[in-house]
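Every number in this text was worked out from the coordinates using simple rules, so none of it is lab data. Please read these numbers as outputs of a predicted model, since none were measured by experiment. A quick note on method: Cβ atoms are made from the backbone with ideal geometry, for glycine too, and the neighbour counts reach across all protein chains shown.
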Amino acid sequence: MDVQLSDATVGVIGGTGPQGRGLAYRWARAGLTVVIGSRDAARAEATAAELRELAGVDTVTGAANQQCASDADLVLVAVPWDGHAATVSALRAELAGKIVIDCVNPLGFDKQGPYPLPVSEGSAAQQAAALLPDSTVTAAFHHVSAVLLADPALDKIDTDVLVLGDDRDAVGLVIELAAAVPGVRGIYGGRLRNAGQVEALTANLIAINRRYSAHAGIRVTDV
């Protein structure tokens, strides 16, 4: 697993959704090669065309999820929680031997606001690891505002990204990927078994954002 970020193709499964699209835009703007993945290849290419124009680059393409996973060197999973298991398990062959970054937050919503959902494996990232035994699964990018990512007027995103995983080289590459977005700093957040509380913290951030009409992220001090 010898991947250099400067030479890598980054796949974004769920790249037509707000989070995936926003991160894809920032990575394209940083000069990385990006493939947008979707169940609908035409929709993926339409999003890719929008991002090419917005970022002023020609390094973004769109494809069906299987082709996206096959073409990429490292792959972000940014799909809704209710489709997470089915989407990930269907890509087991294409994702074999690759670094997978899971940013899915298992959350529910009711009249009292957002709350974390129980996951039998412990977290969405651990579920992905169980479904992808031949991949190296990490967890990151849970707390980055899709609104800020998508705003072309912003040159920097003021936030830290917690990166979790059991493989030191994979974690290092994802930290580098986070730092490709100006203003963002990747911080090692522990083993993959600790991903559950990181995913759940998103519910607190949503509550903060609703109360204060903000797009809050996190910063880790004294590091």
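Computed quantities for the displayed model
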| read-out | value |
| --- | --- |
| Label zone at ALA216 (point 7 Å along Cα-to-Cβ), backbone N below 15 Å, the stretch 101-125 | 113-115 |
| VAL161 long-range amide H proximity, modeled H, under 5 Å | ARG185, GLY186, ILE187 |
| Cβ crowding within 10 Å averaged over residues, with 174-183, 72-81 ranked highest first | 72-81, 174-183 |
| Fully extended contour minus Cα-Cα distance, from ARG92 to ASN204, at 0.36 nm per residue | 37.1 nm |
| Between the stretch 177-223 and the stretch 17-96, the alpha-carbon center distance in angstrom | 22 |
| 222 nm mean residue ellipticity, helices alone, for the chain (DSSP H n ≥ 4; -39,500 (n - 2.57); rounded to 500) | -11500 deg cm²/dmol |
